[in-house]
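These notes are about the structure you will find just below.
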Amino acid sequence: MASFLAVALLATACSAKIPTGQDNIPAADESFPAKVHVDGISEALESDLLAMVSADEIPGAIAIIELDGVRLADVRVGYLDVASGAELPENAIFRLYSMSKPITSAAILMLRDQGKLQLDDPVEKYLPALADMQVFVDGTVDDMELEAAARSITIADLLTHTSGIAYHFTGNTPVHQYYRKHGVMRDTPVGRTPQDGPPARNLTELVERIGDAPLLYQPGEAFEYSYSTTVLGAVIESVSGQRLNQFLDQNVFQPLDMSDTGFFVPDEDLNRFVTGYVASDDGIDVIEEVEESDYRDTSRLLDGGGAIAGTAQDYLNFATMLAQEGLYKDRQILSPKSVEEMFTPHVEINGLGSTATPFGYGVAIGTDESASLGLQPIGTVSWSGSGNTYFFVDPEHDLVALLMTHEIIPPPYTDRTAKLRKLINDAAIALAAEAE
């Protein structure tokens with residue numbers, strides 16, 4: 001999933017070490033509502049996650065599993081902030097990183113449902129800076145051979161990451177080097193190095209820099225994990241006439257009761273905003289203190305591909321909507337047709353793990369092979385974030401599983417990501433089988 005790729009090339013300095021003594025580690029609150037234990041499976045999940053906290057492998061975690069709207073597991077262990085010993089609260093606010101992507105992808109499909117855009121529209125219809133793109137052929141970062149794009153980038157290309165756009169941290173080709181040299185990026189701790197050019201200050205500037213950069217592939221040629229979803233956020237702004245945060249709040253977050261989700265964390269909510277960590281030889285190190293976070297900056301770049309924060313319950317509401325063909329309570333948020341298109345394989349991902357994975361619009365689709373490797377159950381749709389947040393939806397059985405933590409896990413520590421993924425996947429499958 002996304003976290004495997006996004007952290008695989010992470011090159012960022014870690015801040016000072018934090019104490020990680022294990023006295024009085026907070027376990028899940030027994031007063032937590034709607035906790036259903038099925039043959040000890042939920043307790044085993046809690047115990048295994050707590051063991052990872054005790055081993056300094058993660059700072060804390062929330063795991064929720066629901067079947068047909070019934071909560072089968074509700075686990076909360078560990079810390080909001082390890083140094084202070086602050087317990088991870090039920091309403092902790094997490095950095096979603098790339099788990100922002102399914103939200104923005106769904107928002108684009110909402111606009112299509114409303115007849116305000118079509119998926120085969122050329123992107124320059126809404127963003128003129130992306131007209132007449134050039135494609136890398138050969139050469140070095142300072143001496144490139146380029147050719148004209150054979151066709152325009154479409155909205156569907158952006159949804160499937162087949163636009164030819166790249167990320168600054170997913171490779172070292174001359175195109176990736178160009179992104180880093182010229183600051184074709186937003187200001188984020190993921191993948192930044194001191195040698196990078198100054199990042200874009202806002203979404204408009206980032207789109208302009210992408211327009212000046214060469215494409216890595218011809219549009220539609222290949223999947224390349226990228227700023228494509230970020231560009232979709234700019235499309236939303238152009239089509240709606242609203243800033244991205246305002247559109248998402250009115251059309252996604254409010255209808256889905258996602259009251260703690262957005263691009264900014266106000267000062268009054270900092271006491272439940274998680275400290276950001278990164279894996280290290282010593283366990284975990286702080287990578288972003290709450291007080292220094294750009295989520296406090298209301299002028300920050302609105303990246304719909306990786307800059308949203310929210311609570312576990314809020315994201316569960318979004319995932320539940322997808323599991324129920326776009327319906328949440330009595331509100332049809334997204335048409336069943338659009339949900340079906342999100343869940344339909346449109347392209348194959350290679351390079352996000354040890355197996356090729358079908359990809360829809362903003363989500364991956366589980367296969368026999370991904371299930372056997374413990375990455376994602378067969379028949380589910382899923383995505384994750386660089387902070388090792390992760391969810392999947394099994395639409396056939398109305399099963400939703402969600403895991404939230406706050407640790408970037410680069411090589412050589414990705415066994416922690418694999419362990420987290422397997423724990424939540426196995427528990428969800430076992431609980432669903434037992435409940436049925």
Return the whole-Å distance between the Cα centroid of region 391-429 and the Cα centroid of region 268-342.
15 Å
Approximate spin-label separation A371-R243, in nm, with each point projected 7 Å along Cα-to-Cβ:
4.5 nm
Could you order peptides 411-418, 48-55, 232-239 by the average number of other Cβ atoms within 10 Å of their residues, highest first?
232-239, 48-55, 411-418
Around D260, which amide H atoms from residues at least 5 apart in sequence, or from another chain, sit under 5 Å from its own amide H, with H modelled in the peptide plane?
T311
When every alpha-carbon pair in region 280-436 is counted, what percent end up more than 24 Å apart?
40 percent
DSSP loop GluC sites (Glu not before Pro) in region 265-320 with at most 14 other Cβ atoms within 10 Å of their Cβ, which ones?
E289
With +1 on the Cβ of every Lys and Arg and -1 on the Cβ of every Asp and Glu, the dipole magnitude of the chain about its Cα centre, in debye rounded to the nearest 20, is 740 debye
Computed over the chain: relative contact order in percent, which uses C-alpha pairs under 8 Å that are six or more apart
24 percent
Let me test this: with uniform point scatterers at the alpha carbons of region 307-374, what is the Debye-based log₁₀ I(q)/I(0) at q = 0.12, 0.13 1/Å?
-0.41, -0.48
Amide H to amide H, which residues 5 or more places from T154 or on other chains are under 5 Å from it, using H placed in the peptide plane?
V123
Pairing the Cα long axis of helix 415-435 with the longest principal axis of the chain, what angle in degrees results, from 0 to 90 and rounded to the nearest 10?
60 degrees
Can you give me the three principal axis dimensions of region 258-352 from its C-alpha atoms, in Å, biggest first?
44, 37, 25
As a check on your grasp of the helix formula, calculate [θ] at 222 nm for the chain: sum -39500 (n - 2.57) over DSSP H runs of n ≥ 4, divide by the residue count, round to the nearest 500.
-8000 deg cm²/dmol
Output ³J(HN,Hα) for region 212-226: one whole-Hz value per residue in order, computed from phi by the Karplus curve 6.51 cos²θ - 1.76 cosθ + 1.60 with θ = phi - 60°, and x for Gly and Pro.
7, 7, x, 6, 7, 9, 5, x, x, 7, 7, 6, 9, 4, 6
Using the 2.2 N^0.38 Å rule of thumb for compact globular proteins, work out how region 135-221 stacks up: its C-alpha Rg over that value, please.
1.05
Region 92-101 - phi-based ³J(HN,Hα) in whole Hz, Karplus 6.51/-1.76/1.60, Gly and Pro as x
4, 9, 10, 6, 7, 6, 6, 6, 5, 4
With the 1.4 Å probe rolled over protein heavy atoms, the chain has an accessible area per residue in Å² of 36 Å²
In order over region 44-53: 3J(HN,Hα) from phi, Karplus 6.51/-1.76/1.60, θ = phi - 60°, whole Hz, x for each Gly or Pro, gives 5, 4, 4, 5, 5, 5, 5, 5, 5, 5
Sequence-distant or interchain residues sharing an amide H contact under 5 Å with G60, placed H: which?
Y79, H406
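Taking the Cβ-Cβ separation of Q332 and Q195 as r and a Förster radius of 45 Å, what is the calculated FRET efficiency to the nearest 0.05?
0.40
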Which order do peptides 178-186, 217-225 fall in by mean Cβ count within 10 Å, highest first?
178-186, 217-225
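The values are calculated or read from the model by the stated rules, or taken from the named source; none is laboratory data. Keep in mind the model is a prediction, meaning the values are calculated, not measured. Positions of Cβ are generated from backbone atoms using ideal geometry, with glycine treated the same way; all protein chains shown enter the neighbour counts. To get the accessible areas, we keep the full protein, side chains included, count just its heavy atoms, and leave off ligands, DNA and RNA. Shrake-Rupley method; radii C 1.70, N 1.55, O 1.52, S 1.80 Å.
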